[in-house]
Amino acid sequence: MPDMSRNNSGRESAISARLTEGAIGSTLLRLSLPMIGGLLGIVAFNLVDTAAALNVLRRPFRAAGLSVGHMFLLYVPLAFLGSRLFGITGVFGGIASSFVIAGIVAHLISRPVIRHIVQAAQSC
């Protein structure tokens, strides 16, 4: 019997237990972890690559802001919120979400910088 004391509603706890335990839970875990890991690898590389590129392009404060913002504005709050709502599954979902959002923000931050560098190189 699942522990009903963690959530306010016994029904939510029972549904969560059915999704994370037993054959269904192990199948979901086995199917979702490789996909999540691959996505995190791609997005994390984009995030680290963007921060390194911004450092090379003499934009260290943008790079630091990107890294610090990802950690304290996205990673920790989304992991905490996910743990409160969905337990350990929510932690992984929150972490994955933080990387996706940070990757999109990194792309948006780096585009104007790269565009400026390309225009400066073309004018020479």
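The values are calculated or read from the model by the stated rules, or taken from the named source; none is laboratory data. Treat the numbers as computed from the prediction; the structure is a model and nothing was measured. Here the Cβ positions follow ideal geometry from the backbone for every residue, glycine too, while neighbour counts run over all protein chains shown.
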**Prompt:** If you take the residues of region 41-96 that are touching a residue at least 24 places away in the same chain (Cβ under 8 Å) and not in a helix (DSSP H, G or I), which of them is surrounded by the fewest Cβ atoms within 10 Å (Cβ to Cβ)?
**Reply:** Leu57
**Complete:** Scanning region 77-124 residue by residue, the ones that are under 30 Å from Val56 (Cα atoms) and among the basic types (Lys, Arg) total 2
**Check on Thr20, at pLDDT 70 or above, surrounded by 11 or more Cβ atoms within 10 Å (Cβ to Cβ), touching a Ser or Thr at 6+ places or on another chain (Cβ under 8 Å) and of a type outside the set (A, V, I, L, M, F, W, C)** = no
